[in-house]
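These notes are about the structure you will find just below.
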Amino acid sequence: MSNQIYTKLKLSRFSGVVIILIICSIIPIANIDGDNRKQNSALPRAGIGRGMKKWTHFYIANPLPGESWGASGPALADFDGDGDLDAMTSRRTTETAYWYERIDDETWEQHTVESTPELKTALGMVAVDIDHDGNPDVATNQVWFKNPGNLAENPDARWEMGKYEGGGHDVLAGDIDGDGWDDVVADIGASWFPTPSMEKVDTGGEGDYHGGPSPKGVGDLDGDGDNDIVQPGRWLENPGDGHGTWRKHDWPHVPIPNASYGTSTRSWVEDVNNDGKNDIVYSDCDTGDSHVYWVENKGKGDEWVRHKLPDPPAAPGSVPGTGSFHSLGVADFDNDGDLDIFAGEQEDPDTYMTQDGKLPMKPPGLIERGVIWENVGTTTEPSFEPVVFQIDNPGFHEAQLGDVDGDGDIDIVSKIWNRDSPTYTLNYWRNDND
Ligand SMILES: [Ca+2]
Ligand SMILES: [Ca+2]
Ligand SMILES: [Ca+2]
Ligand SMILES: [Ca+2]
């Protein structure tokens, strides 16, 4: 997500809250899509009985085009400039990217972006204004798509495609050279690409990682004013403008023995306890037995205290344990002034890796969950309790946060990577919490 979206959110939050309060006082919140399986009010309470359970699920696309596993992104941004957030994904089997124009919560129109062989292996994807023309473009595996700039008038306008020498599992945004424009970080943090040139700069951060810094593992960890990059168990110190030697520093990550696909995390840099020092929030992913942590920065990225978030309670009919938390985000989801943490388990029924002594992607029989860890402490002494807001499919893969409908709170958009439900879908959970 780009800094521009955050700025917009800050500006719109107050008016949004007022509008929500007025609306909520007039009409009860209801599940308007009529699917009883998604009636969140029927779910058992896991938290302390505040909000957080009021989410309404909508399909952006069901089914997505194509067959079998593999979909990139999603990227989430206002591509057509009409004030609401739109989404993009691509499918492996069609080698095609699609953007979804939000008409309203229930109505999203699919438009083709481009077909190209690089999309066959795409996973990471992010919206960034690469050419600095004021509208969001999209970077994914080896290619980026230039927003044509007239999508409001012609949503099927052609996106020009550029190539760049990066991609892979993690493609994210962050201002690395400090010029005020977001750049692209790719290759699990081993390289970054200044906008608008997109010419590769090596960080020296190669490592034996399946995943690491996405979706927001970029931020200033040593307090020197430049943005650093998080990888599992270490962080890369920005030499100043991103060019030069990136020194490596440790932080206390907990490796998972026999992880399904090796070491892999989702990361988010945020000042969780509001002490002026950016902390690391991370979830394990691409393996069963994943957990979620926030790691408190006690100094300048050289002293850390790890806090494990409680695993969510098992869903009814499920089995103990956890799957792969392949989605992570930090935001004040209930707009009460403190930061909460979201993570969601992905759908993925694969167990073949147990033949090699690895963990399955989830304990057999586990029912996936979407979880908000509500901050029940204070802004400076946070304490988190898990509230399960989504049970069973769709699971979450590479979720993005943003105020999709412009009502002042943070919503969630996510897709399926490897299904255990009938179809591949792109999904939107509207935040209906106060
Ligand atoms: Ca829009
Ligand atoms: Ca720094
Ligand atoms: Ca802090
Ligand atoms: Ca909160």
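Nothing in this text is a laboratory measurement; each read-out follows from the coordinates by a stated rule. For clarity, every value in this text was computed on a predicted model and none was experimentally measured. Positions of Cβ are generated from backbone atoms using ideal geometry, with glycine treated the same way; all protein chains shown enter the neighbour counts.
Sorting 347, 385 by the number of Cβ atoms found within 10 Å of their own Cβ, with the fewest placed first, yields 385, 347. Note on residue 241 and residue 67: the extension gain reaches 58.4 nm, defined as 0.36 nm multiplied by sequence separation minus the Cα-Cα distance. Think of each Lys and Arg Cβ as +1 and each Asp and Glu Cβ as -1; about the Cα centre, that makes the dipole of the chain roughly 1340 debye. Among beta bridges identified by DSSP and lying wholly in the chain, the antiparallel ones come to about 95 percent. Positive contributions from Lys and Arg (+1) and negative ones from Asp and Glu (-1), summed over other residues with Cβ under 11 Å from the Cβ of residue 344, come out at -2. Size descriptors for the stretch 277-434, from the alpha-carbon set: Rg then Dmax equal 16.0, 49 Å. With the charge dipole of the chain set up from +1 on Lys and Arg Cβ and -1 on Asp and Glu Cβ about the Cα centre, the Cα lying farthest toward the positive end among the listed residues 330, 272, 66 is that of 66. Across the stretch 176-190, computed HN-Hα scalar couplings (Karplus, 6.51 cos²θ - 1.76 cosθ + 1.60, θ = phi - 60°) run 8, 8, x, 8, x, 10, 5, 9, 10, 10, 9, 6, 6, x, 7 Hz from first to last residue, x flagging Gly and Pro. Within the shell of other residues whose beta carbon sits under 14 angstrom from the beta carbon of residue 284, the net charge comes to 0, with Lys and Arg scored +1 and Asp and Glu -1. Computed over the stretch 145-216, relative contact order equals 25 percent, with contacts defined as Cα pairs under 8 Å that lie 6+ residues apart. Three principal axis extents of the stretch 88-239 based on alpha-carbon atoms, in descending order, are 45, 32, 31 Å. Taking label points 7 Å from Cα along the Cα-to-Cβ direction, residue 380 and residue 208 give a separation of 4.4 nm.
Using the Cβ-Cβ distance between residue 107 and residue 163 with R0 set to 45 Å, the FRET efficiency from 1/(1 + (r/R0)^6) comes to roughly 0.85. Remark: the stretch 115-258 carries a charge dipole of roughly 620 debye about the Cα centre, counting +1 on each Lys and Arg Cβ and -1 on each Asp and Glu Cβ. Using only the C-alpha atoms, the convex hull of the chain corresponds to 130 Å³ per residue.
Kindly identify the stretch 108-158 as rounded, prolate or oblate by the Cα gyration tensor criterion: order the square roots of the eigenvalues as a ≥ b ≥ c, call it rounded if a/c is under 1.5, otherwise compare a/b with b/c, prolate if a/b is larger, else oblate. Since a/c reaches 1.5 but b/c is at least a/b, the shape of the stretch 108-158 is classed as oblate. For residue 307, nonlocal amide neighbours, meaning residues 5 or more places apart or on other chains whose placed amide H falls under 5 Å from its own, are 294, 295, 296. In this rough spin-label picture, where each label sits 7 Å from Cα along the Cβ direction, the residue 93-residue 224 distance is 5.0 nm.
Each residue of the stretch 414-430 is assigned a 3J(HN,Hα), and the resulting list reads 7, 9, 9, 9, 9, 6, 10, 10, x, 9, 8, 9, 10, 10, 9, 9, 7 Hz, derived from the Karplus form 6.51 cos²θ - 1.76 cosθ + 1.60 (θ = phi - 60°), x at Gly and Pro. Sorted ascending by nearby beta carbons within 10 Å, beginning with the fewest, 85, 309 become 309, 85. Per-residue ellipticity at 222 nm from helix content only, as computed over the chain with -39500 (n - 2.57) for each DSSP H run of at least four residues, stands at -2000 deg cm²/dmol. Can you list the aspartates and glutamates whose alpha carbon is less than 19 Å from that of residue 163, not counting same-chain residues fewer than 8 positions off? The qualifying aspartates and glutamates are 95, 114, 118, 129, 131, 133, 137, 182, 183, 187, 199, 202.
Size of the dipole of the stretch 206-284 about the Cα centre, Lys and Arg at +1 and Asp and Glu at -1 on the beta carbon, nothing else charged, in debye to 20?
With Lys and Arg at +1 and Asp and Glu at -1, about 320 debye.
The antiparallel fraction among DSSP beta bridges confined to the stretch 139-267 stands at about 90%. In this structure, the pairs whose alpha-carbon distance is over 32 Å, taken from 54/415; 146/277; 146/298, are 146/277; 146/298. With the largest listed first and rounded to whole Å, the semi-axes of the equivalent ellipsoid of the stretch 284-373 from the Cα gyration tensor are 27, 18, 10.
State, as an integer percentage, the relative contact order of the stretch 293-434 based on alpha-carbon contacts under 8 Å between residues 6 or more apart.
Dividing the mean separation by the residue count of the stretch 293-434 yields 22 percent.
Each residue of the stretch 262-278 is assigned a 3J(HN,Hα), and the resulting list reads x, 6, 7, 9, 10, 10, 8, 8, 7, 7, 5, 9, 6, 9, x, 10, 5 Hz, derived from the Karplus form 6.51 cos²θ - 1.76 cosθ + 1.60 (θ = phi - 60°), x at Gly and Pro.
Shown here for the stretch 112-164: trypsin sites (Lys or Arg not before Pro) in loop regions (DSSP other than H, G, I, E, B) with at most 14 other Cβ atoms within 10 Å, namely 158. Across the chain, C-alpha contacts under 8 Å between residues 6 or more apart give a mean separation that, scaled by the residue count, equals a relative contact order of 16 percent. All other residues whose Cβ lies under 9 angstrom from that of residue 100 are scored, Lys and Arg at +1 and Asp and Glu at -1, for a net of -2.
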